[in-house]
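Below: the structure, in structure tokens.
The values are calculated or read from the model by the stated rules, or taken from the named source; none is laboratory data. Predicted model only: the values in this text are computed from it and were never measured. So basically every Cβ, Gly included, is an ideal-geometry build from the backbone, and we count neighbours across all protein chains shown. Calculation scope for accessible area: heavy atoms of the full protein, side chains included, ligands and nucleic acids excluded. Shrake-Rupley method; radii C 1.70, N 1.55, O 1.52, S 1.80 Å.
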Amino acid sequence: MSRTSPHQPLQKPELSRRGLLRATGGLTAALAVGTGADALTGGTADAAPATFTHPGMLHAYGELNRAKVRVAAGDDPWLPGWNRLTANGHSAGTWTPTPQATIIRGGTGENYGILYNDIHAAYQNALRWKIAGTAANGDTAVKILNAWSAKLTTVTGNADRFLAAGIYGYQFANAAELMRGYAGFDLARFKTMMLDVFYPLNNDFLLNHNTACITNYWANWDLCNMNSILAIGILCDDAAKYDQAVNYFKNGAGNGSISHAIPFVYDSQGLAQYQESGRDQGHTMMGMGQLGAFCEMAWSQGDDLYGYSNDRIMKCAQYVAKYNLGQDVPYATYTWGTGQSCAQQSQTVISSASRGEIRPVWDILYYHYARRRGLSVPYIQAMAESVRPEGGGGDYGPNSGGFDQLGFGTLMYAK
């Protein structure tokens, strides 16, 4: 497929069956009033789409085209979001990748910062290509993706290797999805890297949890690996992997499945408690970003997981936002098994550690619930407004926490 010029419209994607229904209004209307069976009652996962929508992860055709048009028109808040992107050094078309054969996270010889910096550079350059059509950015994104797929063979380290495989797996796949069809991009080789290097670790973690008690690891560990499997399934048109991730979200035994990630619901207050709330607020907000990313990727393929289990994620995001805005929320004692023996530990109070931390996780949630669904989400709204316009990797410090989310939600999700 040849590249489009900056003056040509984005090519419309092939729609999945459910994507076509949603595009024509049938599914959207049903979701808006919460009539989907899974949204109300739970149940098993739907089958993966008969034909995957591309682009179809964090950004589908509609979001990309809207950002393109609105930035060109100089509209707020898209233009401030765009300016945040172009000011980020990772988005420069002069970025030079430094691929490694082995990436280590945790233990001796850690070098994983090289990987996450290059991934965010690929993603940010891909966004600039999609929105402004600048060939230098498209060429740079492909240069990064090709360099890594030609060299990376191993992700290793201590238990943190599973975090690396999950977080960087789904982020890498999203950058590749944006560049699908670009001249010179070796998508086949990139898919092989994702299937051979990232997926085995993702799958092993969800199956075995590093041989630990099923509840030992925090929800984010499961969630990032679920995100990676979902993204790899979409990138590779692999229905089995897509279904694996969605089924785990609905029914998995670990802390990433929805009933374990959000164990307590306070329906009378419209709130729900996140599994890591007694740990600290930085990781809790990371969880909001992981949940938002999972739901948005599924939404792009026609599945509404945002509304699953009576809007459980919305209630949880409201809870996290309310507390981080300085207000009180209820808290139920959280008890879990640790290590290999499942020795019990409990958290009796919500943690104030890193309360009010700034992370670019809110606009993806706000624009779905408030604009797509038309719901009142005052705490999510207030948090989103306090962060807007959202930046991305490189805007929130040099350490790994600043790269846990791809970001730029204001630019990409404003409606």
- Query: Share of antiparallel DSSP beta bridges in the chain, in percent to the nearest 5?
  - Reply: 75 percent
- Note on the structure: Mean separation of Cα contacts under 8 Å (at least 6 apart) over the residue count of region 158-286, i.e. the relative contact order in percent, is 24 percent
- Dipole check, the chain, charges on Cβ (K,R +1; D,E -1), about Cα centroid: among L365, G106, G402 the Cα furthest to the positive pole belongs to L365
- Item | Residues in region 103-122 that a label on D204 would reach, taking backbone N under 19 Å of a point 7 Å out along Cα→Cβ | 103-112
- So how exposed is R189, as accessible area in Å² (1.4 Å probe, rounded to 10)? 90 Å²
- Message: What number comes out for accessible area per residue over the chain if the probe is 1.4 Å? Units Å², please.
- Response: 35 Å²
- Task: Mind putting a number on the dipole of the chain about its Cα centre? Charges go on the C-beta only, +1 for Lys and Arg and -1 for Asp and Glu, and I need it in Debye to the nearest 20.
- Result: 740 debye
- Rg(Cα) of the chain divided by 2.2 N^0.38 Å? 0.91
- Message: Please report the carbon-and-sulfur percent of the accessible area for the chain; probe 1.4 Å, protein heavy atoms only, DNA, RNA and ligands left out.
- Response: 51 percent
- Note on the structure: If one builds a Gaussian network model of the chain from Cα atoms under 10 Å apart, the most fluctuating residue listed among A253, A219, A272 is A253
- Item | Unit charges on C-beta of K, R, D, E only; dipole of region 172-230, Debye | 140 debye
- Task: Please report, in debye to the nearest 20, how large the charge dipole of region 85-163 is about its Cα centre when each Lys and Arg carries +1 at its beta carbon and each Asp and Glu carries -1 there.
- Result: 140 debye
- With every protein chain kept in the model, how would you rank K250, K143 by accessible area, 1.4 Å probe, largest at the top? K143, K250
- Item | Charge-dipole axis of region 120-204 as Lys and Arg at +1 and Asp and Glu at -1 on Cβ define it, positive-most pick from F185, G133, N203 | G133
- Message: Positive end of the dipole of region 121-249, charges at C-beta (+1 Lys, Arg; -1 Asp, Glu), about the Cα centre: which of A122, L230, F249 has its Cα farthest in that direction?
- Response: A122
- Would you tell me the accessible area of K151, worked out with a 1.4 angstrom probe on the heavy atoms of the protein chains, in Å² to the nearest 10? 100 Å²
- Message: For a Förster distance of 56 Å, can you work out the FRET efficiency between the beta-carbons of D196 and D76, rounded to the nearest 0.05?
- Response: 0.80
- Karplus-derived 3J(HN,Hα), 6.51/-1.76/1.60, for each residue of region 246-259, Hz, glycine and proline x: 5, 5, 5, 4, 7, 9, x, 7, x, 6, x, 5, 4, 6
